[in-house]
Amino acid sequence: MNYRSLLILLRKCRSFQQLKQIHAVSATLGLHNHQTFPCELLNCYIKLGNQQESERIFNQIRNPDVVSSTCLMNLYLKSQEPRKAFWVFSNLIRSGLRPDSYSIVGALSACGRKRDLKRGKIVHGMVFRFGLGFEPIVGNALIDMYSRNKKIEVAQMVFERTERRDIASWNSLLNGFIMCHDFKSARRVFGEMPQRNSISWAALITGYVRGKITITGLELFKQMNAEGKNCVTAIIIVAVLSGCADIGARDLGQSIHGYVNKCDFSMNVTVNNALMNMYSKSGCLNVALKIFNGMPRKDVFSWTTLISGYAFHGEGKKALEAFSDMLESRITPNEVTFVSLLSACSHAGMLADGQRLFNRMVQFYGLEPKIEHYGCMVDLLGRAGLLEESKYFIEQMPVKPDAVIWRSLLSASLFHANFNLAEMAGKMIIQLEPDDDGVYILLWNIYFAANRQEDALKIRKLMRKRKLKKNPGDSWVEVSGVIHQFIAGDKMHHAWTEIFSILEGICEQSKLDSQLLCVKLD
């Protein structure tokens with residue numbers, strides 16, 4: 001066995017077991033001293049996703065080339081470690097090697113994910129220095145890096161100065177506007193695109209759903225299908241199902257379920273998880289359970305979605321039973337699982353179980369509580385009427401409480417008529433979110449009910465000073481697969497005349513019923 005034959009075997013290697021055998025033979029032949037073979041070995045380990053062994057081999061290479069360094073950078077990026085990826089790039093530059101377009105793209109990706117604009121600008125300078133700006137992949141990476149750092153105007157400038165634009169360039173700019181929550185500009189770019197692919201549709205539909213502009217996202221999905229675009233992917237299906245779950249559009253969700261079965265997405269675990277979530281939030285927990293039981297493979301998110309469904313329907317005991325079954329299946333819970341569990345305990349009033357699970361998450365699984373976990377515990381204590389304990393828990397938190405946590409305390413304080421604590425929580429929310437009109441209204445009601453007219457007047461003046469107006473309530477209803485949105489006081493709906501006429505009739509009938517009841521009682 002010589003170097004050349006071993007190299008041929010290495011390039012044909014498709015399994016980790018074969019790779020270990022080739023690695024052992026290369027060690028006995030002393031090929032680690034060869035310059036190219038360790039690089040080929042490294043690339044093979046990276047393709048198979050073995051990070052630990054890849055790092056060890058990379059450190060054994062006396063003079064790593066640009067290709068090997070770039071491969072290791074991509075491995076770190078894939079494993080969500082952008083800091084390590086940039087460290088590899090820095091060593092590449094310090095060694096005197098000239099970076100190519102692929103290593104530059106890796107460095108820009110690392111800067112984007114780290115939100116490191118300073119180093120991103122330095123890499124941008126290298127693009128000019130080494131004359132790499134003509135490659136579309138470099139321009140696309142620059143657009144992405146500036147977008148992630150909230151510099152969308154610079155990203156747009158890079159796009160406009162890019163001579164060789166491809167569809168990925170347009171998608172990068174589109175996604176940039178979505179990341180910056182500028183949906184008007186994103187829709188404009190989408191309309192100007194010379195051609196679109198599944199990534200384009202997925203980016204905008206997912207952006208609308210995540211940005212809580214759900215109906216627009218669902219309408220865009222219908223437009224895509226109406227145009228006969230064969231662009232439906234699992235990502236798009238998951239986004240649309242998530243949108244259906246948010247507004248309770250069960251009819252549309254059911255039609256997508258049929259599409260899932262027809263187009264052979266039914267074996268996709270993520271799609272099934274999204275279907276479970278949609279049915280659970282649409283009031284069909286039994287259908288969600290049927291999907292769960294029919295899944296040939298379940299991941300941690302499948303179990304978490306089931307637990308979350310039980311929590312949503314107030315089935316705390318069943319949520320804990322599902323958690324026990326999950327552990328018996330040797331699936332390790334994650335942070336999201338415990339959010340669902342604590343939420344289930346909160347909705348079902350299971351204080352002791354919630355406290356036990358919180359301690360178990362920290363002590364047994366070694367998970368660091370996030371703000372969501374603390375929020376669940378505050379809600380749990382508040383619903384149990386332990387308001388002072390809830391306040392003390394907030395004060396002892398190692399992280400700064402957000403407005404959501406103070407809202408939980410405010411809600412519990414109002415429910416249990418502790419207006420002093422409610423006032424304190426309300427003031428904290430105003431400090432964190434001064435534009436939240438709902439909190440001002442709640443405080444005004446508290447002061448008005450307590451006959452504190454001066455304080456109520458101060459709240460009104462503060463609202464006028466900040467030019468705040470009460471946002472109108474809105475709701476959705478789905479009729480024959482069509483989603484209708486209603487806003488309080490709005491008369492834009494095409495059937496508003498008929499709707500108001502029926503409502504007036506209902507009110508008149510209610511008055512007549514009340515009068516008849518009074519006559520009978522007399």
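The values are calculated or read from the model by the stated rules, or taken from the named source; none is laboratory data. If you're wondering where the values come from, they're calculated on a predicted model, not measured in any experiment. Cβ sites come from the backbone with ideal geometry, for glycine too, and all protein chains shown count toward neighbours. Areas reflect the complete protein model, heavy atoms only, side chains present, ligands, DNA and RNA absent. Shrake-Rupley method; radii C 1.70, N 1.55, O 1.52, S 1.80 Å.
Stretched out straight at 0.36 nm per residue, the stretch from Arg464 to Val362 would grow longer than its current Cα-Cα span by 32.1 nm. In percent, rounded to a whole number, the relative contact order of the range 148-196 is 38, using alpha-carbon pairs under 8 Å and six or more apart. Here the mean projected area of the convex hull built on the C-alpha positions of the range 112-260 is 9.2 nm². Looking at the range 59-157, the pairs of alpha carbons with a distance over 19 Å make up 35% of the total.
Helix 316-328 and the longest principal axis of the C-alpha atoms of the chain enclose an angle of approximately 20°. Once each part is reduced to its C-alpha centroid, what is the distance from the range 270-327 to the range 129-169 in angstrom? Between the Cα centres of the range 270-327 and the range 129-169 lies a distance of 42 Å. Across the chain, the relative contact order, built from alpha-carbon pairs under 8 Å that are at least six residues apart, equals 5 percent. Check the straight Cα-Cα distances from Lys400 and name the lysines below 21 Å, setting aside those fewer than 8 residues away within the same chain. The qualifying lysines are Lys370, Lys391, Lys427. At q = 0.21, 0.28 Å⁻¹ the log10 of I(q)/I(0) for the range 268-337 amounts to -0.82, -1.43, computed by Debye summation with a single uniform scatterer per C-alpha, solvent ignored.
Quick one: go through the range 412-445 and flag any residue whose amide nitrogen is under 20 Å from the point 7 Å out along the Cα-to-Cβ line of Lys212. Residues 412, 426-443 qualify, since their backbone N sits under 20 Å from the label point.
Note on Ser185: accessible area approximately 20 square angstrom, rounded to 10, probe 1.4 Å, nucleic acids and ligands left out. Put simply, the convex hull of the Cα atoms in the chain casts, on average, a shadow of 34.3 nm². Note on Lys184: lysines with a C-alpha under 21 Å away, same-chain residues under 8 apart excluded, are Lys150, Lys151, Lys212, Lys222. Once both labels are positioned 7 Å from their Cα atoms along Cα-to-Cβ, the gap between Val399 and Lys427 label points is 2.6 nm.
Rounded to 0.05, the FRET efficiency of the Thr332 and Ile8 pair, given R0 = 51 Å and the Cβ-Cβ distance, is 0.80.
Length gained on full extension, Glu388 to Asp65: 110.1 nm, using 0.36 nm per residue less the C-alpha separation.
For the range 212-220, putting each phi into the Karplus relation 6.51 cos²θ - 1.76 cosθ + 1.60 with θ = phi - 60° gives couplings of 6, 9, 5, 4, 4, x, 5, 5, 5 Hz, in residue order, rounded to whole numbers and with x for Gly and Pro.
Our helix-only sum for the chain, with -39,500 (n - 2.57) per DSSP H run of n ≥ 4 divided by its residues, gives a mean residue ellipticity at 222 nm of -22500 deg cm²/dmol. For the range 266-393, the solvent-accessible area with a 1.4 angstrom probe is 47 square angstrom per residue. The residues packed around Ile104, meaning those with a beta-carbon under 14 Å from its beta-carbon, carry a net charge of +1 if Lys and Arg are +1 and Asp and Glu are -1.
Kirkwood analysis of the Cα pair distances in the range 301-443 returns a hydrodynamic radius of 15.7 Å. Placing a pseudo-label 7 Å from each Cα along the Cα-to-Cβ vector at Asn445 and Arg56 gives an inter-label distance of 6.4 nm.
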